[in-house]
1. Is there a quick way to get the dipole size of chain B? I mean about its Cα centre, with the Cβ of Lys and Arg at +1 and of Asp and Glu at -1; what is the value in debye to the nearest 20?
2. One decimal, nm, shortest first: give the distances between the label point of A:Ala99 and those of the same position in the other copies, each label point 7 Å from Cα along Cα→Cβ.
3. Dipole of the range A:6-102, Cα-centred, from +1 at each Lys and Arg C-beta and -1 at each Asp and Glu C-beta, to the nearest 20 debye?
4. About the Cα centre of the protein assembly as shown, how large is the charge dipole given +1 on each Lys and Arg Cβ and -1 on each Asp and Glu Cβ? Please answer in debye to the nearest 20.
5. Put a label point 7 Å from Cα along the Cβ direction on B:Gln78, then list its distances to the equivalent points in the other copies in nm, shortest first.
6. At B:Glu112, label 7 Å along Cα→Cβ: distances to the other copies, nm, ascending?
7. How many Å³ per residue does the convex hull of the Cα positions in the range A:6-102 occupy?
8. Rank by packing, highest mean first: peptides A:461-467, B:186-192, with packing defined as the count of other Cβ atoms within 10 Å averaged across residues.
There are 2 protein chains.
Amino acid sequence: MKHIKVVDLLNNTKTLQEVTAKGWVRTFRNNQFIALNDGSTIQNIQCVVDFENTSEETLRRITTGAAVAVTGTLQESQGKGQKVEIQVTKLEILGDSDAEKYPIQPKKHSLEFLRENAHLRVRTNAFGAIMRVRSALSFAVHQYFQERGFFYVNTPIITGSDAEGAGEMFRVTALPFDGTPRDEEGKVDFKKDFFGKETNLTVSGQLEAETYAMALGQVYTFGPTFRAENSNTSRHLAEFWMIEPEVAFNDLDANMDLAEDFIKYVVRYAVEKCADDLQFLEQRLADEEKQKPQAERSEMSLLEKLNFVLENNFKRVSYTEAIDILKSSTPNKKKKFQYLIDEWGADLQSEHERYLVEKHFKCPVILFDYPAKIKAFYMRLNEDEKTVRAMDILFPGIGEIVGGSQREERYDVLIEKMKALNIPEEEMWWYLDTRRFGSAIHSGFGLGFERLVLFVTGMTNIRDVIPFPRTPQNAEF
Amino acid sequence: MKHIKVVDLLNNTKTLQEVTAKGWVRTFRNNQFIALNDGSTIQNIQCVVDFENTSEETLRRITTGAAVAVTGTLQESQGKGQKVEIQVTKLEILGDSDAEKYPIQPKKHSLEFLRENAHLRVRTNAFGAIMRVRSALSFAVHQYFQERGFFYVNTPIITGSDAEGAGEMFRVTALPFDGTPRDEEGKVDFKKDFFGKETNLTVSGQLEAETYAMALGQVYTFGPTFRAENSNTSRHLAEFWMIEPEVAFNDLDANMDLAEDFIKYVVRYAVEKCADDLQFLEQRLADEEKQKPQAERSEMSLLEKLNFVLENNFKRVSYTEAIDILKSSTPNKKKKFQYLIDEWGADLQSEHERYLVEKHFKCPVILFDYPAKIKAFYMRLNEDEKTVRAMDILFPGIGEIVGGSQREERYDVLIEKMKALNIPEEEMWWYLDTRRFGSAIHSGFGLGFERLVLFVTGMTNIRDVIPFPRTPQNAEF
């Protein structure tokens, strides 16, 4: 008999039919009530075992984590908390789970312990919920762009160019460390490497995506990117997924509109499609917050925060305005900031971003028109010749979630900038070609997907929102 | 005035309104007719320039590849091949394109030349079409699985495990070649590397996906995978995208059903959504075929091939039956095969797969129940103890497009197999845990996305269906 998924059984109104369900035992109570979960939803289905007519041995094998198949009548439940349950007539143990050894006991485990068991943590309510929300958000990303006529572009992961300068890169090589081929000067001979040159893992697909935007108009990437920085923080991963739309003919304003609209769309999608999971995560967060002193607790619940983002405009503030606000802020005057803001041109630190978002504006903030000196070479220089058309979106509790810009479309200005920064022209010939042939204004941004998942799930460590996190000293699984 | 995309202008029935379009000049005929393309569709919109009231200098700058903005009245076209055109009242050159230097001339370029200009080739009709079809197929992949309650899982790209054995791997490292840290024995000290161990680029996300299937039930991956093999063929890339669904409680039959249904869904999606692009690619293929001797030409046009796949069941044939067919086949008897088939157990080569698909069955074929010896360790051993529940899907012109199996769910059998193949248990503890705790039958497969794109677009070299191909000696862009 073909089994039916738990999510479909729970939504079923046709009771008194015979059904089969397969899944894993979450708990087994009173030798009678199995809470069965198959991952299709956070909800379990209650399976009522006829313990008088079930062998002792079978009953003993119904343990947390065991895989079972149950067949029986779907009927209205007398118990609280569920509409239907299965009155079991046949029960088969598919795979045992030794109660003494199974790491995922029906109790609260620390997040650290669960990270060490990343292959099993998704069997918990919290991680099942997080990963279903992550999946829904991924799909929302694609649906948003595809509905609007954007084309998905797979930019290369292995790259021969390292000009973007977004961070330290990992080397990709097929050369051996012992007996490495060397040239006459004794230097490593990368001509003998697989690709005939030095190659690294990409830090961004933007430059390649720009070449596609200048042909297909509206494109986006959604793929893994890498940073070899030794950042052991709750906001950094060595391997993470990034979304990078790029749009021909968009200026910075249109870019900000797109980013705001996009974020609201995907958050709304999760709120609508993942109600059960978000309700669980909201309660989880509320329980966590209770451990904190009153002053540190969030004013809003998880869903209130998500709805707040949906219902309010992001506050758009120029860098210059932001500096003025920060200069005259209490933490700056009282020297509470680690990095005091004393003049225009300072790079904003996480403490400043948090002040603006969490204390001053109390909503998502888009900062724009940054000093050229602290931003990347490809950003469009403003007429003032000291700021560029950059924008960062800052989120409460998360910090920077989006970084973007209008791109410098003028060949001469771009080449000057590259020269000043010693970016080799000969390596970037293809990028420069987009400014040589049919150049036009265009804009785009990058959104760190895991930071979005953090925000939507209310989790606080980025290692808990990607299945198998990669961080310094950790590439297990 | 906000510009309107060409695809929307061409579908517009409200003529005599003023509109603005932005895009790139494909051709400029008689100092009057611009064929303008913005990538939103393969179709150009004709823009009729009032050349008597346009300066000579502006007219000279309307060259192939130039970016322009035109404003004018949308009106019914008198010319053939288009319903509407723009009677231009205002024309602005956004970015010039030096006609002498622009590599993409309005003529046929060789595919080799275009590969060297991968950043510009998407501005041609053929590559614009291919990449739009690729994008549509990507979305169809996500939509298929999400509609059926599968969850998208991002398995790790950097992996510390190399047990899958699907092929040669690229090393990922932050260690220097000069002054590499060494241990006391003089061996490279990978404890000092970024992740504290040797790491490589993944060849498959399957093993990690299995751990998620045993919790969420139905999952799929869709991400980049890598092979460091020196294969300079038209069917291999060093970096390619793979789709890997994994389903708890599915046996091999259900796995074959899923794969066939999935392929038909995504092909149907492309046929329905990319009609213009596929029509162009069909004509392109027909023109290519004309260069070939009659005997080598395909019997079917591109769309006929696609519809044939949609309308016919894939032929399911056991390995044993296939060997019998091959043994008594004409090319085997006449010793035309490079590798003659003389006994059960032989690994099938591309020539054999092609014979079965293209000559014998003349339709997609699913081969199943392969000899255990020629397949991976994790495949479910059959009761005959010599075959495993593996399946490969073979496509005409492409060869293997899918490889999958029911997985060995029995801990004891799996561990025996690993011992026999010297796969280190201690590295695979997490994979073995899925068989220790709540094991159940489950199945999955991998589909090489670029091979699917090859099939749907009718292209013949895999380097032409991914934006920036990575192959031996080539990591440009």
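Nothing in this text is a laboratory measurement; each read-out follows from the coordinates by a stated rule. None of the values given here were measured: they were computed from a predicted structure. All Cβ positions, glycine included, derive from the backbone under ideal geometry; neighbour counts span all protein chains shown.
1. 1380
2. Those label-point separations list as 8.6 nm.
3. For the range A:6-102, the charge dipole is close to 300 debye.
4. For the protein assembly as shown, the charge dipole is close to 1100 debye.
5. Nearest to farthest, the other copies are at 8.7 nm.
6. Spelled out, the distances from B:Glu112's label point are 6.1 nm.
7. 93
8. A:461-467, B:186-192
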